[in-house]
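First the structure, in the form of structure tokens, and then the observations on it.
All of the numbers you see were taken from the coordinates with simple rules; none came from a lab. Quick caveat: nothing in here was measured; it's all calculated off a predicted structure. FYI the Cβ positions are ideal-geometry reconstructions off the backbone, even for glycines, and counts take in every protein chain you see.
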Amino acid sequence: MLCFMRFLTKIIKALLAALPASLFAGAVMISIALGSIFPEVDLIANSLVAIDGQKIIIEKQDYSYGPGQSGTVVKHLLINEKDEIEDVTFRLSVYSSLIYTVILMVLSLLAAGFYQFFRRLPIDALVTTAFGSSILLALLVTAVVVLFAVGSFINAIL
């Protein structure tokens, strides 16, 4: 029992070590940055917001506030069974941020576990390995989002 408690403590510490980088990659890079380019990214949390026959639609509005300057507002709208509309953009973004953060934390922990298993490292190094793998995963996610952003920018110019 004591051995299991020590193992569980190491797992919890490893997840907490992976939290900052996973939170950055999941919330900031995927949900906010990539979600501003592709609003469908936030629909991973659709089932947490839309229940009992409700559906979420994405509405985009272009605007111009000066010569040569323009922007786009993206909203996630919840339509219930009475056809009433509610803006759920913030709530959907928060939920999707949490989902992506948890997914990246688990992936970091799995990567650290596989690394330790194949390198035959002791379980005591799991926290450090999880932290390192979460940093690498966050850098990878950031690079992919930057590539999508640059591609979207180039596409908008052409």
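Here are a few things to note about the model shown:
- FRET efficiency, Leu48 to Ile123 (Cβ-Cβ, R0 30 Å, nearest 0.05): 0.30
- Shape category assigned to segment 7-89 from the gyration tensor of Cα positions, a/c cut at 1.5: oblate
- In this calculation the C-beta distance from Tyr63 to Phe90 is compared with R0 = 22 Å, giving a FRET efficiency of 0.65.
- Based on Cα atoms of segment 30-71, Rg over Rh with Rh as the Kirkwood radius reads 1.14.
- Computed over the chain, the per-residue total of -39500 (n - 2.57) for DSSP H runs of n ≥ 4 gives a 222 nm mean residue ellipticity of -19500 deg cm²/dmol, rounded to 500.
- Taking a sphere under 15 Å around the Cβ of Lys60 and counting the other residues whose Cβ falls inside, with K and R at +1 and D and E at -1, yields a net charge of -4.
- P(r) tail for segment 68-115: Cα pairs beyond 14 Å make up 69% of the total.
- Averaging the sequence gap over all C-alpha pairs within less than 8 Å and six or more residues apart, then dividing by the number of residues, gives the chain a relative contact order of 34 percent.
- Part-to-part distance (alpha-carbon centres) for segment 44-59 and segment 71-91, which is given in Å: 9
- Per-residue HN-Hα couplings for segment 59-73 [Karplus 6.51, -1.76, 1.60; θ = phi - 60°; Hz; x = Gly/Pro]: 10, 10, 10, 8, 9, 9, 10, x, x, x, 10, 8, x, 9, 9
- With each label modelled as a point 7 angstrom along the Cα→C-beta vector, the Leu77-Leu110 pair spans 3.8 nm.
- Lysine pairs with alpha-carbon atoms under 30 Å apart, the chain, spacing 8 or more or separate chains: 4
- Neighbours of Phe7 by Cβ distance under 14 Å: Lys/Arg scored +1, Asp/Glu scored -1, total +2.
- Over segment 72-152, Cα pairs under 8 Å with separation of 6+ residues give a relative contact order of 19 percent.
- Relative to the 2.2 N^0.38 Å rule of thumb, the chain has a C-alpha radius of gyration ratio of 1.33.
- Prolate/oblate/rounded call for segment 86-158, Cα gyration tensor, a/c under 1.5 rounded: oblate
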